[in-house]
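> Input: one structure, supplied below.
What follows is calculated from the coordinates using simple rules that are stated; it is not laboratory data. Worth saying up front: this structure is predicted, and the values here are computed from it rather than measured. Glycine gets a Cβ as well: all are built from the backbone with ideal geometry, and neighbour counts include every protein chain shown.
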Amino acid sequence: MFNPNRRQRSFSRRQFVAGAGGAALALPWLESFSSLNASEAANNVKPAQRLAFFYLPNGIVRRGFFPGENDRAIPQFAGQNNVWRFEGDVPPPGVHPITFTPTLAALKNVHDKVTLVTGLDRQFQHGTDSHAQAASCFLSSVAPFEVENSAYPLARTLDHVVADHIGQSTPYPTLELSCNDHKNNIESIYFDNMSWYGTGHVAPSMRNPRKIYDRLFGTASQSKNRNITDLALSNARRLQARLSMGDQRKFSEYLEAIRAIEKRMDRIESMKSELLANDIDRPEEHLPRNEYIQLMGDLLVTALQTGLTHVATMMVGPERWTTPTNWEGILDRPKSHHGMTHDPQNNLEDLLKLDYFHVSVFANLVERMSTIEEAQGTTLLDNTIFTLGAGLGDGTTHQYNDLPIVVAGGGQRYRLGKHIHCKPETPLANLWLTHLHSLGIDREHYADSRGELSDILT
């Protein structure tokens, strides 16, 4: 477990509030602290750059997401590795205004902070399942059979490549989150992990919000299931009195955000206890999945905000899981997301609801990051490249081309508020190479890239 007192000199800009039982409340950037650091002020230290991913399993409903495809026929189930290109009213390659389709309408409030990218393709290696490759190879994108003695075109993933450069000064070089707390893990690790140290070496994702919370904030065993804001409240109040008026406001907002996480987590745990008391063997499958996903997103943003990590990934669900889950307030009964994608004729409305929900969670995180102030008049979003994407262009056709991608943030480097439609057969790795260059990492190529995605750059 991370000790906030360890390597304190290495984190000159990172401050902690110690509490009882080993709790350590990591703090966001505060001007009051930076002004005390004369060397940083003299050197005009730039805010830390971050990279984060928000992964959608099982593809999306194309006619709800992609501009110009609203009249596309509902596809029939097709096996794996299909290449489908819609020939309707699709915009030509280039830069266009964003058309807010039914699913993309969730982005309206953050339209000037995001860019829609369509037309990016991945390669498929025959012999293994399309869903397994969709998740595990999303951030590696190497060419088929380039990796010897592997059934998957899987190498060290982009998050770890980036962390080698910008993640070594943080307590956690990378943070891997997965919204899959089911006990019936019938699929292999390739369906349920998008982060890999290298071929065959998974970076295990964290799935339990309480364990993530305790790990991030350093709670000791004697303080288990006690809230950080309770443990550190007295010291936090003493600190707040030393802050400027502006920082007092930011600090109060931060404490409120942490408390909101705690309340949501406590509510989920209370529901789980009630289900167990009623002899329900697998309460996770009966908990509101939407609540779970939102909580994990809040934890991701908090980890980035406090500098506990600069690189994070989040899978909002596993690929090809057949377990019915509860979507309270969205669907009328528990359903399997993957199962519905194989029968869109009878599940189109519900699939569109789930797609809209997933994109709306991403939009809410983007909005929150845009309000978190950092040094030199920037925000957390300005200093983060935050990408939503899926490894399948459609969950029914299982196509590996024309993937759904939305990029948020990136400061002054990225063109925002636009729709970029790429030329046919543009590799997804072109975007990953652009991310690397935008973070100051010098690479000639990445995986099967052919160059930068120049249209996204200002």
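> If amide H atoms are built 1.01 Å from N in the plane of the peptide, which residues on other chains or at least 5 residues away come under 5 Å of the amide H of THR128?
Amide H to amide H, under 5 Å and 5 or more residues apart or across chains, THR128 pairs with nothing.
> Between SER252 and LYS423, what's the calculated FRET efficiency when r is the beta-carbon distance and R0 is 56 Å? Round to 0.05.
Efficiency at R0 = 56 Å is approximately 0.70.
> Over 21 Å between Cα atoms, which of LYS272/LYS353; LYS211/LYS272; LYS113/LYS418; LYS211/LYS353; LYS108/LYS418 qualify?
Correct reply: LYS272/LYS353; LYS211/LYS353.
> Something else: Go through HIS398, ILE420, HIS437 and say which Cα lies farthest out towards the positive end of the charge dipole of segment 398-458; charges sit on Cβ, +1 for Lys and Arg, -1 for Asp and Glu.
Projecting each Cα onto the dipole axis, the largest value belongs to ILE420.
> Mind putting a number on the dipole of the chain about its Cα centre? Charges go on the C-beta only, +1 for Lys and Arg and -1 for Asp and Glu, and I need it in Debye to the nearest 20.
1560
> What are the residues whose amide H is under 5 Å from the amide H of VAL114, where those residues sit 5 or more places off or on another chain and H is modelled from the backbone?
GLY417
> Next question, about the same structure. Along Cα→Cβ, 7 Å out, is where each label goes; now give me the distance between the ones at SER270 and GLN240 in nm to one decimal.
Distance between the two pseudo-spin positions: 2.3 nm.
> Further, regarding this structure: Per residue of segment 88-102, in order, report the coupling 6.51 cos²θ - 1.76 cosθ + 1.60 (Karplus, θ = phi - 60°) as ³J(HN,Hα) in whole Hz, putting x for Gly and Pro.
Here the 3J(HN,Hα) series is x, 7, 8, x, x, x, x, 9, 9, x, 6, 9, 8, 5, x Hz.
> Quote the charge dipole size of segment 40-158 about the Cα centre in Debye, to the nearest 20; the model charges only the Cβ of Lys and Arg (+1) and of Asp and Glu (-1).
Working: 10 positive and 10 negative charges, 63 e Å.
The calculation lands at about 300 debye.
> Karplus couplings for segment 372-389 from phi (6.51 cos²θ - 1.76 cosθ + 1.60, θ = phi - 60°), rounded to Hz, Gly and Pro as x?
Once θ is set to phi - 60°, the couplings for segment 372-389 become 8, 6, 10, 5, 6, x, 9, 10, 4, 5, 3, 9, 10, 9, 10, 10, 9, x Hz.
> Could you tell me the relative contact order of segment 283-406? Use alpha-carbon pairs under 8 Å, at least six residues apart, and round to a whole percent.
Rounded, it is 18 percent for segment 283-406.
> Quick one: which residues, 5 or more positions from LEU177 or on another chain, have an amide H under 5 Å from its amide H? H modelled 1.01 Å from N in the peptide plane, none for Pro or chain starts.
Those lying under 5 Å, H to H, from LEU177 are MET206, THR313, MET314, MET315.
> If you take the charge dipole of the chain about its Cα centre, with +1 on Lys and Arg Cβ and -1 on Asp and Glu Cβ, which of THR170, GLN294, ALA203 is farthest toward its positive end?
Looking along the dipole axis, the top candidate is THR170.
> Now for a separate question. Hey, what do the phi angles of segment 203-215 turn into as Karplus ³J(HN,Hα) couplings, whole Hz, using 6.51/-1.76/1.60 and θ = phi - 60°, x for Gly and Pro?
8, x, 7, 9, 10, 8, x, 5, 5, 5, 4, 5, 5
> Continuing with this model, one more query. Rounded to the nearest 20 debye, what is the charge dipole size of segment 255-359 about its Cα centre when +1 sits on each Lys and Arg Cβ and -1 on each Asp and Glu Cβ? Intermediate results must be reported in sequence, preceding the final value.
Working: 11 positive and 18 negative charges, 39 e Å.
Dipole about the Cα centre, nearest 20: 180 debye.
> Sticking with this one: Kindly list the residues of segment 343-374 that lie in the label zone of ASP332, defined by a backbone N under 16 Å from the point 7 Å along the Cα-to-C-beta vector.
Flagged as within label range: 346-354.
> Determine which aspartates and glutamates satisfy two conditions relative to LYS250: a Cα distance under 12 Å, and not lying fewer than 8 residues away in the same chain.
Hits, sequence-local ones excluded: GLU31, GLU373, GLU374.
> A further question follows. Could you give me D for segment 61-144, from Stokes-Einstein at 10 °C and 1.306 mPa s, where the hydrodynamic radius is the Kirkwood radius over C-alpha pairs? Units µm² s⁻¹, please.
Diffusion coefficient, whole number: 105 µm²/s.
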